1. May I ask you to list the lysines whose Cα is less than 21 Å away from that of LYS109, ignoring any residue fewer than eight positions away on the same chain?
2. Once each part is reduced to its C-alpha centroid, what is the distance from segment 230-308 to segment 412-483 in angstrom?
3. Residue by residue, what Karplus-based ³J(HN,Hα) values in Hz, rounded to whole numbers, does segment 267-282 have, using 6.51, -1.76 and 1.60 with θ = phi - 60° and x for Gly and Pro?
4. By how many nm would the segment from ARG119 to SER279 grow when fully extended, if each residue of separation counts as 0.36 nm and the alpha-carbon distance is taken off?
5. Can you sort TRP395, TRP296 so the residue with the fewest Cβ neighbours within 10 Å comes first?
6. Given R₀ = 25 Å, FRET efficiency for ALA27-LYS192 by Cβ-Cβ distance, to 0.05?
7. Round to the nearest 0.05 the FRET efficiency obtained for SER454 and ALA351 when R0 = 35 Å and r is the Cβ-Cβ distance.
8. Can you pull out the GluC sites (Glu not before Pro) in segment 426-484 whose DSSP state is coil and whose Cβ has at most 11 other Cβ atoms within 10 Å?
Amino acid sequence: MNPSQTEFTNLYCQLSRHFFSEITPEALHEPKLVHHNRTLHDDLQLALSASELLDMVSGNGFPAGCRPIAQKYTGHQFGYYNPDLGDGRGVLLGQWRDSNQQPWDFHLKGCGQTPYSRRGDGRAVLRSAIREHLGGEALHALGINSTRSLAICHNLEAVRRETMEPRASYIRIAKTHVRFGHFEWLAQIEDKAGMQLLADYVIETVYPHLKAIDAADRYAELLNTIAHNTAVMIAGWQAVGFCHGVLNSDNMSVAGETFDFGPYAFMDDFEIHFICNHSDTEGRYAYSQQPNIGLWNCQLLAQAFGLLVSEQQQEAALNTYVETYNHEYLQRMRAKIGLQEPLPEDRELVADLLILMDQSQLDFQHFFLQLADFENEQACLNAGWPMDSNNWQAWLKRYFIRRQLELFPEGCSQRIRQHTPLFVLRNYINQEVIAAAEQGDFDLMDRVFQALGSPFEKVSGVPARYYEPPQSENQKGLILSCSS
Ligand code: AMP
Ligand code: MG
């Protein structure tokens, strides 16, 4: 182990004093570990003992070099600017460098109020801790950038939400906790020097390769890179049927990592306008809206960056978002239907497929697995798959003709299987894990955690039905609330 890695630091504290408030976390008494993400622990080459980890995740004691702070930011929530935001129930403890010298933020969530808590209690509940812990790992295993959670603990206290719920706290690991909303805040208070300071901080900690760029273009390239990474992330969500739930600009990370999980969902039956968050009555953050909302949030960021970059550079970053999104999305969707060669008709082929899947209410994950079982249109017709209808027949005809335009059409089914996860963290599975955990049984969570870490193979240890579409209507499309 490299000796320089044995201590944490908090690099964010070196920024201007008004960027944060120092916090003494309110520890959980008599905490018990719920789950420890050992894969992440190893990925980070962490050297924490079991008791050091429990102390850290419960807020009872921190490794040398940690300095808990709450960050100030603002942001647009459901389309409206809120100037009063900041870390209300989480604190940045500091950073740990991995063996590549990359710093990783350690953020403790659920250990009490901060100056930005407004009327909130600063606490977290076991339910949402588990959802974030599992969701981040599931996305990571699917190759989609996401924050991850290192560990969760709980105790016997109860916290008031819609009902009384068990209390928990957890440690979120991220490339950074700087959000789009941090820059919106600095633009709002017209703090150009502060914005430069923060942009330099993001370059230093997240995008050090940008230091090689001429100073005159460096901030424009930073904006461009953030837009690019955001587009790649959202294209990934669309391709796996992931809905974030609360895409407010304070929940957008400048590292392009899936951040601040709300009532997220991996879709069951495909529904273009699926809304996973029942507080989102207008469907602002529906599945179909996510790419546009990503652009809208990038527009907010670009506007804020107006203090540092030209109008032309702002526009260029937004074009980067659109071009990157279109390219990445189509690439991923092509792969999901086994195609590799980029052809102009593919965009329409994919769009028409989604319309049909929506109309037919087909399971978004299983459709592709089943498609891999058929080698031609006739085989589908013989099996009456996916259903007897002229529209499906017409689409299948186009699709199998299109397959023949591949250099290796015989590799299509194999390609579908390579890009279709067998294990998907459906909301009903999440709910079963939470129900067991709330009864003190963490075994199912451990097994689900292992399954979602290897989504492209079947692992023993979880119920076989988890690899099938939901068996009953009430397991499908569970809609959750914002309350976390
Ligand atoms: P979120 O919906 O988790 O993105 O939170 C939006 C804002 O509300 C953030 O500034 C949070 O810190 C704050 N917040 C949400 N829940 C609580 C809570 N229970 N206690 C304090 N602040 C909270
Ligand atoms: Mg948030």
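1. LYS32, LYS72, LYS175
2. Using only Cα atoms to place each centre, the spacing works out to 22 Å.
3. So the Karplus estimates, Gly and Pro as x, are 5, 8, 5, 6, 9, 4, 9, 4, 10, 8, 10, 6, 6, 8, 5, 7 Hz.
4. Fully extending the segment from ARG119 to SER279 adds 55.7 nm.
5. By the 10 Å Cβ count, ascending, the order reads TRP296, TRP395.
6. Rounded to the nearest 0.05, the efficiency is 0.05.
7. 0.65
8. Loop-located and lightly packed - GLU457.
Each value in this text was obtained by applying a stated rule to the coordinates, not by laboratory testing. A quick note: this is a predicted structure, and the numbers were derived from the prediction, not measured. Using ideal geometry, Cβ is built from the backbone for each residue, glycine included, and neighbour counts are taken over all protein chains shown.
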